[in-house]
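Quick note: the coordinates plus some simple rules give every number you see, no bench work behind them. Just so it is clear, the structure is predicted and the values come from calculations on it, not from any experiment. Please note: Cβ atoms are built from the backbone with ideal geometry, for glycine as well, and neighbour counts cover all protein chains shown.
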Amino acid sequence: MGITRRGFLQLTGAAFMTSLVYEFTGQSPAMAAEAGEEWKLVDVSETSTICCYCSGGCGTIISVRDGELINVEGDPDHPINRGGLCSKGSSQFGVNSIYDDESGERIINPNRLTTPMVRRAGQSEWEEVSWDQAFEEIAQRIKTTRDENYETESDGVTVNRCEAIASFGGAALDNEEAYALQKLCRGLGMTYIEHQARI
């Protein structure tokens, strides 16, 4: 099939216009407003992990630089989510850091709790306690409740149970943590053991 002079000029013009449109609409560092800044993920170490929100088990990649969280994104190699994250999973970064409205810089989220807090009976304010004190108080309350409510026999049948304590597992627990929690609950004689994934 032969091509005419007019057809050749039309094809050449179309090719030129296509490359021109591509050049002006494509991403170009020379045309970026802040081309001098470094990319966010330069010199980071990446680690695969699981999203902390629901029982879906979606894979994420966290990027860390100098011990500081830089980025959270979906893991494209994960068989469950294949790189996609829901709105909650995409907002995981906001648990740790937020961007300041005035300066635009990333800061540690001021609403993030970093120490245990307790509200005493009859009080309206929360108070900070140390981790050791929190563990001690929780352990003491569990022991007291179990000792006061442990049954060994009911209607002539050996039961060895404590119905005054319940466990409600969260989706942030991985398989090994859930196994250890189940062993602890069964060892305490608990009968009400549930998990968020079943609700």
Exposed loop trypsin sites (Lys or Arg not before Pro) only (DSSP loop, at most 13 other Cβ atoms within 10 Å): please give the longest stretch of the chain free of them, not including the sites.
-> 121-199
For V64 and I80 in the same chain, what is the full-extension length gain: residue separation times 0.36 nm, less their Cα-Cα distance, in nm?
-> 3.4 nm
Here the relative contact order (percent) of the chain, from C-alpha pairs under 8 Å and at least 6 apart, is 11
Among the aspartates and glutamates, select those whose C-alpha is under 18 Å from the C-alpha of K88, and discard any that sit fewer than 8 residues away in the same chain.
-> E73, D75
Name the most mobile residue of I165, I50, I107, meaning the one with the largest mean-square fluctuation, in a Gaussian network model of the chain with Cα contacts below 10 Å.
-> I107
Selection from I98, F168, N109, by position along the positive dipole direction of the range 75-199 (Cβ) = F168
Cα-based helix-to-principal-axis angle, 175-187 vs the chain, degrees rounded to 10 = 10
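Name the shape class, rounded, prolate or oblate, that the alpha-carbon gyration tensor gives for the range 43-199, where a ≥ b ≥ c are the square roots of its eigenvalues, rounded holds for a/c under 1.5, and otherwise prolate holds if a/b is larger than b/c and oblate otherwise. Intermediate results must be reported in sequence, preceding the final value.
Working: a/c = 3.03, a/b = 1.64, b/c = 1.85.
Because a/c hits 1.5 or more and a/b fails to exceed b/c, the range 43-199 counts as oblate.
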Percentage relative contact order, the range 71-111, counting C-alpha pairs under 8 Å, at least six apart = 26
Taking the range 45-108, how much of its Cα-Cα pair set, in percent, is spaced more than 20 angstrom apart?
-> 29
Honestly the range 130-198 on the Cα gyration tensor test (a ≥ b ≥ c root eigenvalues; a/c under 1.5 rounded, otherwise a/b vs b/c for prolate or oblate) is just oblate
Convert each backbone phi in the range 130-139 into a coupling constant with the Karplus relation 6.51 cos²θ - 1.76 cosθ + 1.60 (shift: θ = phi - 60°), then list the ³J(HN,Hα) values in order as whole Hz, x for Gly and Pro.
-> 6, 5, 4, 5, 5, 4, 4, 5, 5, 4
